[in-house]
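Contents: one structure, followed by commentary.
The values are calculated or read from the model by the stated rules, or taken from the named source; none is laboratory data. In this text, all values refer to a predicted model and were calculated from it rather than measured experimentally. We place every Cβ from the backbone using ideal geometry, glycine too, and count neighbours over all the protein chains shown.
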Amino acid sequence: MPLHRPDSFTPLRIALVCPYSLSRPGGVQGQVVGLARALEGRGNKVTVFAPVDDIAHVPPGIDFVSTGSTVSLPANGSIAPVNVSPRAIRRARTIITSGAFDVVHVHEPFTPGLPYGLLLGAGVPPVVATFHRSGGSVFYTVLRPLTRRVSRRFAVQCAVSEAARDTASRAVRGTCEVTFNGVEIDRFQSVEPWPSDRPTVVFLGRHEERKGLVTLLEASARMEHRPRLWIAGDGPLTDTLSRHYPASEDVEWLGVLDEDEKVRRLRAAQVLCAPSLGGESFGMVLLEAMAARTVVVASDIAGYRAAAGGHAVLVPPADAAALASGLTGVLAGGSAVIAGPVGSRPDQSSDPRERWLDAAARRAGSFAMEHLAESYEDRYRWAMVNRPG
């Protein structure tokens, strides 16, 4: 699909559909909210449709329509908080088909809930679909005959990475354009770091097997000079792991953080550790750390290699000894990175660590949410003219 900007800018009316609860942190939720803010900042009118379990959790800066509370369904080794209430789906669908929108942008369109309610009905504005998932999913395999049929409704199909495109291609007709995940750069550069008086490693993610938290805890126990671990999030392994590695001066179990605290802690930490075992289509958390000028130590998996672009220390997944060595090297000044003073974040320096962080921050800047919003505007306009018959 050719991308170009019209000579005169006409604001668009856009419905952004997220199938997952905004009460839970997640990559898809973060992308939808950040994209909504960036599109609004460019002069468009954007409404986010998503489930939410507590209205107080709705992020600021967006026009929002709730599609109800959620149930938890297994998906891709994780748990998907989705809404499957027919009444809530009908209500949201009525609003979207009212004529108030030029285009509807559905993220993870084969997730149960409102996405199917839109794809199986009539009178829906042109649909742009974005796929985030990497790896197998019951949503794709069991429902494949249906996904092949309803994908004809997509005017534009996008995937956030090569891995996500490969997964989507098994469930849709036609091809997907590879876009990228966007980073709200300003949010990670304009906050006060969380107070910290010693070298700190932060983990951000759900406590489930594929996220590799067990490997990080085992690696930390092997290190001669242990850093402080900030462990954010929760999940099915939280109780077991917190019993084996109880809270101490070296380990802090933080629970689920709001976005402001997450960004402040990420900004303050010396290292963001992402020890996932696989199933990551794109390492969004790596780019956020790079934008926050925090060194990344992560598993050497395809999604993380693609995101880091050579600006992270990568180690074999599920290898606690290798991870311990990588963390030790970074914190001690090895692995091509020299650890600076706690809380130090100068913009430019002859210090090798700061040069590393400068380059990583530039890498993150190339994924700025504003760039993503502009590229989607072109796709929306194309969809409005070339919607399927």
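A few comments on the model shown:
- Selection of first residues in the stretch 237-260 that are in contact (Cβ under 8 Å) with a residue 60 or more places away in the chain and within 26 Å of Leu22 (Cα to Cα) and of second residues that are buried (at least 16 other Cβ atoms within 10 Å of the Cβ) and of a type in the set (Gly, Ala, Ser), restricted to Cβ pairs under 9 Å at least 6 apart or on distinct chains, gives the following pairs, ordered by first then second residue: Val256/Ala232; Val256/Gly233; Leu257/Ala232; Leu257/Gly233; Glu259/Gly30.
- Any pair with Cβ under 6 angstrom, 6 or more apart, that starts in the stretch 211-222 at a residue that is under 21 Å from Ser281 (Cα atoms) and ends at one that is at pLDDT 95 or above and in a helix (DSSP H, G or I): Thr215/Ala320; Thr215/Leu323
- Count - residues of the stretch 174-195 that are touching a strand residue (DSSP E or B) at 6+ places or on another chain (Cβ under 9 Å), modelled with pLDDT of 90 or more, assigned to a loop (DSSP other than H, G, I, E, B) and not aromatic (Phe, Trp, Tyr): 4
- All helices (runs of 4 or more DSSP H) inside the stretch 232-325 with 1 or more residues being more than 21 Å from Val214 (Cα to Cα) and modelled with pLDDT of 95 or more: 259-268, 284-291
- Going through (1) surrounded by fewer than 18 Cβ atoms within 10 Å (Cβ to Cβ); (2) at pLDDT below 80; (3) in contact with a strand residue (DSSP E or B) (Cβ under 8 Å, 6 or more places away or on another chain) one by one, Asn386 falls short only on (2).
- Just one of the listed residues (Ala171, Ala221, Ala164) is in contact with a His (Cβ under 7 Å, 6 or more places away or on another chain) and either in a helix (DSSP H, G or I) or at pLDDT below 95 (or both), namely Ala164.
- When the test is whether a residue is assigned to a strand (DSSP E or B) and in contact (Cβ under 8 Å) with a residue 12 or more places away in the chain, Val201 passes it.
- Qualifying residue in the stretch 199-208 (condition: farther than 21 Å from Ala322 by Cβ, crowded, with 17+ Cβ neighbours inside 10 Å and among the polar types (S, T, N, Q)): no
- Test: Arg198 is over 24 Å from Gly303 (Cβ atoms), touching a strand residue (DSSP E or B) at 6+ places or on another chain (Cβ under 8 Å) and among the charged types (D, E, K, R): yes
- Wholly within the stretch 23-98, strands (runs of 3 or more DSSP E) carrying at least 2 residues that are in contact with a Lys or Arg (Cβ under 7 Å, 6 or more places away or on another chain) and either modelled with pLDDT under 95 or surrounded by fewer than 22 Cβ atoms within 10 Å (Cβ to Cβ) (or both): 78-82
- A count restricted to the stretch 116-138 and to residues that are surrounded by 21 or more Cβ atoms within 10 Å (Cβ to Cβ) and within 19 Å of the chain's Cα centre (by Cα) stands at 8.
- Flag if Val256 is within 28 Å of Val178 (Cα to Cα) and out of contact with any Phe, Trp or Tyr (no Cβ under 7 Å at 6 or more places or on another chain): no
- Selection status of Glu177, outside the structural domain of Gly26 (by TED's automatic domain parsing) and not aliphatic (A, V, I, L, M): no
- Lone qualifier among Phe188, Phe154 - being in contact (Cβ under 8 Å) with a residue 12 or more places away in the chain, more than 22 Å from the chain's Cα centre (by Cα) and crowded, with 20+ Cβ neighbours inside 10 Å: Phe154
- Taking the stretch 192-234 as the range and being among the basic types (Lys, Arg) and over 21 Å from the mean Cα position of the chain (by Cα) as the test, the residues that pass are Arg198, Arg222, Arg226, Arg228.
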